[in-house]
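The values are calculated or read from the model by the stated rules, or taken from the named source; none is laboratory data. Fair warning: this is a prediction, and the values are worked out from it, not measured in the lab. Cβ placement follows ideal geometry from the backbone for every residue including glycine, while neighbour counts extend to all protein chains displayed.
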Amino acid sequence: MKKVLPKLFRNILRGKTGAKKLKDRVIHLPDDLIKPEGFLVYSGPEESDVWPAIFIMNTLHREFPGKKLAVICSKRDRVLFNMLRLRPAVHSYEGRPRIPDMIEEDSISPGSILVHPYTTVLSADEKVLSGVPCRIRMAPLSHSSPYINFRVKTKATVYPDILSEMCSTIGLNYDADWKPAVPNRIEELVENKIAPVSGRMLPYIVTTPSALSILEKRKAEIPLRTVSLSGKNSDFDHLDREIKTVIIADATAVLTDSDDQWGDACAHDVPVAGLDRSGNFLKWKDRVPASNDDEFAEAWVRLLKKGW
């Protein structure tokens with residue numbers, strides 16, 4: 001990491017830390033960057049927020065063996081960190097993001113580096129970011145924020161390229177080939193849920209009732225069994241986050257207007273056609289969701305022709 005410090009300082013803009021929002025903290029360069037006590041990754045409140053946090057945590061584990069690794073995440077998402085090679089210390093909040101009451105003090109020591117793996121700081125993030133004592137708070141922000149004092153500028157606008165470029169800038173080798181691993185015990189559980197009689201899963205497509213309805217009205221071809229993870233007629237609506245994620249990871253394709261299903265499919269490299277009416281879907285390399293019903297139907301036809 002010493003070799004890239006000159007480049008690092010050219011590419012990182014130090015944010016101005018407002019006295020009213022954050023306590024003054026002295027940063028010792030270059031030691032705080034070269035020899036951090038550990039890393040604390042913040043995972044935001046939206047369901048797709050967990051994937052940038054998991055992907056950056058994988059690289060930190062590989063690049064800093066033996067260092068303390070911790071994450072603050074939604075209680076809903078804490079089980080997904082089992083998909084890493086080594087599970088970090090996971091501290092979770094319910095509802096609006098906050099620093100959990102029972103968090104161990106050394107998990108967020110001043111000498112650890114906070115990593116905010118997103119391009120913006122939302123109002124929901126501010127309580128956590130202003131409360132952690134980490135001297136360095138790093139993020140690939142598109143615009144500066146008083147809550148981040150090391151902004152790593154990236155040209156990339158989609159994941160995981162944003163994380164890859166940020167890592168390259170600070171001298172880390174990003175693992176571009178890695179994807180989350182499905183725990184064997186959950187794999188077996190999913191097989192029993194999808195095929196309770198035979199125990200042998202046949203190919204299936206994960207969808208939502210509303211997304212499927214759009215294609216049915218247009219008499220689009222649906223060549224495989226469909227599995228809906230939500231809705232009153234779904235057999236899987238009651239399942240927890242981890243099991244639903246693995247159902248998506250094992251799917252042949254995903255057809256959805258749900259942000260969380262879109263993010264899960266992208267993270268596990270599952271072919272997906274998405275309808276994003278709000279414009280808030282996770283931005284992922286080589287994946288562009290449709291913005292209206294007609295575009296969505298066309299995207300599905302293209303996916304069928306391309307195959308999987």
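Select, from ARG241, ARG218, the only residue that is out of contact with any Phe, Trp or Tyr (no Cβ under 8 Å at 6 or more places or on another chain), surrounded by 12 or more Cβ atoms within 10 Å (Cβ to Cβ) and within 26 Å of TYR118 (Cβ to Cβ). Spell out the reasoning first.
Working: ARG218 fails: within 26 Å of TYR118 (Cβ to Cβ).
Among ARG241, ARG218, only ARG241 is out of contact with any Phe, Trp or Tyr (no Cβ under 8 Å at 6 or more places or on another chain), surrounded by 12 or more Cβ atoms within 10 Å (Cβ to Cβ) and within 26 Å of TYR118 (Cβ to Cβ).
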Could you check ILE214 against (1) outside any helix (DSSP H, G or I); (2) in the same structural domain as ARG277 (by TED's automatic domain parsing) and say which number it fails?
(1)
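Looking at GLU242, GLU298, GLU221 in this structure, which one is of a type in the set (Asp, Glu), part of a helix (DSSP H, G or I) and farther than 21 Å from ALA53 by Cα?
Numbers: GLU242 fails: farther than 21 Å from ALA53 by Cα; GLU221 fails: part of a helix (DSSP H, G or I).
Answer to the check: GLU298.
Would you check if PRO209 is of a type outside the set (Ser, Thr, Tyr) and within 22 Å of TRP308 (Cα to Cα)? Steps first, please.
Details: of a type outside the set (Ser, Thr, Tyr): yes; within 22 Å of TRP308 (Cα to Cα): no.
Against the criterion (of a type outside the set (Ser, Thr, Tyr) and within 22 Å of TRP308 (Cα to Cα)), PRO209 does not qualify.
If I go through segment 269-295 residue by residue, how many of them are in a loop (DSSP other than H, G, I, E, B) and over 19 Å from the mean Cα position of the chain (by Cα)?
Going through segment 269-295, the residues in a loop (DSSP other than H, G, I, E, B) turn out to be 269-271, 276-283, 285-286, 288-289, 291-292.
Add one more test, that the residue is over 19 Å from the mean Cα position of the chain (by Cα), and what stays is 277, 291-292.
The qualifying residues number 3.
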Hey, does segment 128-147 have a residue that's over 25 Å from GLY38 (Cβ atoms), touching an Asp or Glu at 6+ places or on another chain (Cβ under 8 Å) and either among the aliphatic types (A, V, I, L, M) or not assigned by TED's automatic domain parsing to the domain that holds ILE248 (or both)?
no
Per the filter on segment 277-289, residues more than 19 Å from SER142 (Cβ to Cβ) and either in contact with a helix residue (DSSP H, G or I) (Cβ under 7 Å, 6 or more places away or on another chain) or crowded, with 24+ Cβ neighbours inside 10 Å (or both) are ARG287, PRO289
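Determine whether SER234 is closer than 20 Å to VAL254 by Cβ, in contact with a Ser or Thr (Cβ under 7 Å, 6 or more places away or on another chain) and outside any helix (DSSP H, G or I).
Values: closer than 20 Å to VAL254 by Cβ: yes; in contact with a Ser or Thr (Cβ under 7 Å, 6 or more places away or on another chain): yes; outside any helix (DSSP H, G or I): yes.
Considered against the rule, which asks whether it is closer than 20 Å to VAL254 by Cβ, in contact with a Ser or Thr (Cβ under 7 Å, 6 or more places away or on another chain) and outside any helix (DSSP H, G or I), SER234 comes out as yes.
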Six or more apart or on different chains, Cβ under 7 Å: which pairs go from a residue in segment 53-73 that's closer than 18 Å to GLY171 by Cβ to one that's modelled with pLDDT of 95 or more and among the charged types (D, E, K, R)? Could you list them?
none
